[in-house]
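Following: one structure in structure tokens, then a few remarks.
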Amino acid sequence: MIKKIKVEELKAGMFVHGLAKVENGKDKAFMNTVQIHEPGQIKGLVAEGYRYAFVDETDIAAALKRERAKELAKGLNGFEPSSKEKTERIDSWELPTSTSTDSVKAVAIEPVVKNDELEHHLEDSATFDNEVVRAREIKEKAGEVLKDLLDDVRSGKGMQTDKAKKVVEGVVDSVLRNQDAMLSLVRLKEYDDYTFGHSVNVSIISTAFGRHIGLDRRRLLVLGFGSILHDVGKMLVPDKILNKPSVLTEEEFMIMKSHPVLGSDLLKEEVGIPREVVNIARHHHERFNGSGYPDGLAGNNIETFARMVAIADVYDAMTTKRVYGDTPNPGEAVKRLFSWKGTHFDPHLVDTFVGCLGIYPIGSFVRLNTGQVALVKRANRVSLLQPLVVVLYDKNGMKYPKVFDLDLAKSRDKNIVATVSSSEFKINVDEYIG
Ligand SMILES: [Fe+2]
């Protein structure tokens, strides 16, 4: 649960998900994720005029525990633990909602499919290089069609669902031929309008996820269609609220939170929309422990497709490059997903999702045991810790004049030891991937 606290109440170790200050008499919000390591950072934020911070309650509890442990350690042996963690910044994402944890009613569920059933779904019929050219065209077309569809919804016209189904077929077939090709494109910030760029990405990610758990083409089409329309209800939220640059008032926030109901009601009225598609629109903000909205459902009471799209939605929001943001690091986003296992998200599905994208998904910055810094180019679904990387920097942080590929699965003595904050590297990731 995200809580708004005064900047002065921040403590070392906390992740700040958003900051607010008053500028020209108006509230202005800034959303990103920064970890606080030392009191100096808090003083800096105060000096810059920030008044409030948005932090996760679990981080508050953890920070208090650390503080107590520090005091205890000091008292016992004079030892003062110091944090060696680096400042991390994940790109901005939709401000999490204020939720209640009173209704925690998580239930255990069985894995969706067993590992030994997966293998035949993972065979590619096209190489990455062949598919990425087609995938780029398909993604572009999907963006155009979805933009028209969402514009029509906004202006009160009917939905051209047949066209949308057609582009989803294209996405699904591309993912079935070679999912890495499509997945390598989701990092790109190609659209000015966040909602529809994000919707296309969520559809691609969800489809790859669905392929990984062994869904057949027919089911993938339903999942792809539901995920591309998951936020369709946002088109019925007044523009001044949807695109408001400052903090939403409580009333505006409630209106924003109505988008799952608005979207599912809209889809229900359409002919030929599968039930699962309606449910994805309604339940993609439900959380596994019952703390989400609009219905406060928990565990298996949230349909599997909605539980899957919930993960894909948040993952994409954390990894999509924004105009003014740093290059996001998918490896860091995976870490955050792991930390939400069993609370926000179905734990089995998080594991499966990471199995699909890799612990170090395409676009992750990683440090090798040699001290070199590399960028993940292709996932390795058999051995998640050994992706194909492109080595960019030597152990002294000097960029190689000629960067080179390294398949960690074939390397006996090189391995990944950590993810690295991408904000340290001002490079165009797209130059090296795809
Ligand atoms: Fe949403």
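Pop a pseudo-label 7 angstrom from the Cα along the beta-carbon direction at both R275 and K4 and give the gap in nm to one decimal. It works out to 4.0 nm between the two label points.
What ranking do R275, R218, R336 get, fewest neighbouring Cβ atoms within 10 angstrom at the top?
Values: R275 13, R218 8, R336 18.
Ordered from fewest to most neighbouring Cβ atoms within 10 Å, R275, R218, R336 come out as R218, R275, R336.
The gain in end-to-end length when the T249 to D265 segment is fully stretched comes to 3.3 nm, 0.36 nm per residue minus the alpha carbon separation. Shape verdict for the range 365-431, please, from the Cα gyration tensor: rounded (a/c under 1.5), prolate (a/b greater than b/c) or oblate. It is prolate, given that a/c is not under 1.5 and a/b is the larger ratio. For the peptides 243-250, 280-287, the ranking by packing is 280-287, 243-250, with the highest mean count of neighbouring Cβ atoms within 10 Å listed first.
Between T127 and K141, the simple spin-label model (points 7 angstrom out along Cα→Cβ) gives 2.4 nm.
When the C-alpha to C-alpha distance is required to be over 25 Å, the pairs from K377/K414; K165/K377; K4/K240; K395/K426; K257/K426; K11/K234 that qualify are K165/K377; K257/K426; K11/K234.
Stretching D148 away from K341 to a fully extended chain increases their span by 65.9 nm, per 0.36 nm per residue minus the current alpha-carbon distance.
Any read-out appearing in this document is the output of simple, stated calculations on the displayed coordinates, not a laboratory observation. Computed from a predicted model, the values in this text were never measured in an experiment. Because the Cβ atoms are built from the backbone with ideal geometry, glycine has one as well, and the counts that use them run over all protein chains shown.
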